[in-house]
Structure formats: C-alpha cells, structure tokens
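Structure, as structure tokens:
The values are calculated or read from the model by the stated rules, or taken from the named source; none is laboratory data. Everything numeric in this text was worked out from a predicted model, so none of it was measured. Counting neighbours? That spans all protein chains shown, and the Cβs are built from the backbone with ideal geometry, glycine included. Areas reflect the complete protein model, heavy atoms only, side chains present, ligands, DNA and RNA absent. Shrake-Rupley method; radii C 1.70, N 1.55, O 1.52, S 1.80 Å.
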Amino acid sequence: MLSIHEVSKSYEGKSGPTKVLRGVSMEVKRGEFCVMLGSSGAGKSTLLKLISGQLAADEGQIIVDGTVLTKSNCRQLQRQIGMVHQHFELVERLTCLDNLMLGLLPWVPWYRSVFRYWTNQERTMACQWLARVGLEPSHALRRSGKLSGGQQQRVAIARALIRKPKLVLADEPVASLDPETSHSILTLLRGVARECNATVLCSLHQPDLAHEFADRIIHLTSGVIKFDGPVADWSGKS
Ligand code: ADP
Ligand code: ADP
C-alpha cells in the first residue's frame, strides 16, 4: 500500500541544512495499523508530510498504492489519503456537520462548501458518520470549537474517513488528549479503519499505546529507523 525507499530530508537552518530524515525505507501492507514511534523531533511529522505531499523529499521515492509520488500527481494522491492531526484542525466556528462535509471537498465543488449547500444524501451520510464515531445527533449542529478535545478528534476521524480513503495518516492524534480519551480515540480509529479496509500510519510517542494498538511498530530515532517489525518482536527499548 505504501512503499518508502531511502528517503532523506533536510531543513535549511541558520547554520546550514539539518538532516531530519536519513535514508528511511519502509513498506506498509494493505489494511495494516502501523505505528511510527519516536520522541519529539525524531522526524515523524516530516515523514508524514512527505507522504501526504505537503513537503518534497530531497532524495528517495515514495509509492502510494502503486503510484510514485511526484510534484505533478501529489494533489491527485492526496485525495486518496485521510489525515488526522494532533490539534484536530477543524474549522471551529463551523458545525460538526459542516466540518464533516469538508472531508468531501474534492468531490463537491468548492462553492457548495462556501455556501454550505449539501444534498440530503450527503447530510444523511454525515449524520451516519457522527453516530459511527460515537457522537449524538444533537452534536451535528453544534460548533465544533465548543466540543471537548476527544469529541473534536471524533469529528476529525469521521472527516478523514468519510471518503473511504485507502490510506490514513495520523500525526500524533492523541498527543493533546488525556490517557483515557487517548485510549478511546485509538480504539475508534483502529475500529473504523478496519471496517473501511483502510491502511493506517499513525505516529505516537507513547510506547505503551503503540504496544497495545499497533499491528506493527516502526521506531524512528533522529531520522533513522531503529526498529521495524511486528508488535510481538518489539522489546520496547531498541
Ligand atoms: P516529530 O514529528 O517526530 O516531533 P518533526 O518531523 O516535527 O519531528 O521534526 C524533526 C526535526 O525537524 C526537529 O528537530 C524539528 O525542529 C525540525 N523541523 C521540523 N519542521 C521544520 C521546519 N519547517 N524548518 C526547520 N526545521 C524543522
Ligand atoms: P509537531 O509537534 O506537530 O511535530 P512542532 O510543534 O514541532 O510540530 O512544529 C510546528 C510547526 O513548526 C510545524 O509546521 C513544523 O514544520 C514547524 N517547525 C518545527 N520546528 C521548526 C524549526 N526548528 N524551525 C522552523 N519551523 C519549525
């Protein structure tokens, strides 16, 4: 589903470029829930931004579902990718329903989103998704900014999955949440991704959560992969 070959990336700094990814290679199989584990600054966000085409790699190749990512096709590929972020990235003054509809954007013309003109079929689908991620129907018309962090992340997960993407990238999706909520959000993300047959690459910095939820763990330290394998082989220390 996702192949990464010898990818490197540097950022320009005052004292010259700093290399934050050094020859990273990995393969993520279809349907896998793969956790990328690493402390802050390890390069997790950077790698996810490269896969989603928000940044370009200096070297190496990224292949999403058989297509090599290039400058000219990254927009096309982005449509097949659902994103979940640490800070939810919802439009806080819009309702949950409208935020969910934004997940349909590449399908519907932009002016329909500006005027919030949705078909009944789209509304029904959005309400079904809200139920699926454990929100009450009464949440549909509430401004997303008024909800708790866990509830906002539920909306964001529904928004990422509503178009049934093949690949879901989650960048520290529970880093802003308390332990109990983190647990329920990862349970939800894994559950809905399985139902939709989506492959997930999720970055986390907590080894215990990685151990509990991952099919496979990739441990990144200072831009280098230190461990890559099934969770059963993970010692937690490498
Ligand atoms: P992680 O997600 O694992 O915390 P990041 O990919 O965000 O790691 O960052 C890796 C390193 O790259 C860090 O040292 C960070 O400060 C640096 N970095 C990230 N983004 C930029 C940027 N836009 N410009 C310069 N340095 C950056
Ligand atoms: P995260 O915690 O989500 O990994 P950060 O808080 O490290 O992200 O970074 C927030 C934003 O600032 C990101 O867009 C990242 O690219 C940018 N950034 C991070 N480190 C640096 C840096 N040293 N110089 C410039 N931009 C940076």
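The table below lists the values:
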{"item": "Accessible-area composition of the chain, carbon plus sulfur, in percent [1.4 Å probe]", "result": "50"}
{"item": "Packing-based ranking, highest mean first, of 48-57, 73-82 given that Cβ atoms within 10 Å are counted", "result": "48-57, 73-82"}
{"item": "Label zone at Ile63, where the point sits 7 Å out along the Cα-to-Cβ direction: segment 22-57 residues whose backbone N lies under 14 Å", "result": "25-30"}
{"item": "Protection-proxy order for peptides 220-229, 109-118, each taking the mean of Cβ atoms within 10 Å per residue, highest first", "result": "220-229, 109-118"}
{"item": "Expected 222 nm ellipticity per residue - DSSP helices of 4 or more, -39500 (n - 2.57), all of the chain, to 500", "result": "-9000 deg cm²/dmol"}
{"item": "Selection from Ile4, Trp110, Ser138, by position along the positive dipole direction of segment 1-148 (Cβ)", "result": "Ser138"}
{"item": "Linear extension gain, Ser8 paired with Val224, 0.36 nm per residue minus alpha-carbon span", "result": "76.8 nm"}
{"item": "Residue of Gly145, Gly103, Gly66 that the Gaussian network model of the chain assigns the largest fluctuation, springs spanning Cα pairs under 10 Å", "result": "Gly66"}
{"item": "Dipole moment magnitude, nearest 20 debye, the chain about Cα centre, only Lys, Arg, Asp, Glu C-beta charged", "result": "740"}
{"item": "Protection proxy ranking, peptides 7-18, 35-46, average beta carbon neighbours within 10 Å, highest first", "result": "35-46, 7-18"}
{"item": "Contact order normalised by residue count of the chain, Cα under 8 Å, 6+ apart, percent", "result": "29"}
{"item": "Cα centroid separation - segment 34-68 against segment 163-238, whole Å", "result": "15"}
{"item": "Whichever aspartates and glutamates have a C-alpha closer than 13 Å to that of Lys71, once near sequence neighbours (fewer than 8 apart) are set aside", "result": "Asp58"}
{"item": "Candidate lysines for bridging to Lys19, where Cα separation is under 17 Å - those fewer than 8 sequence places away on the same chain excluded", "result": "Lys9, Lys44, Lys49, Lys226"}
{"item": "Charged-residue dipole, Cβ positions (Lys, Arg, Asp, Glu), segment 65-120 about Cα centre, Debye nearest 20", "result": "220"}
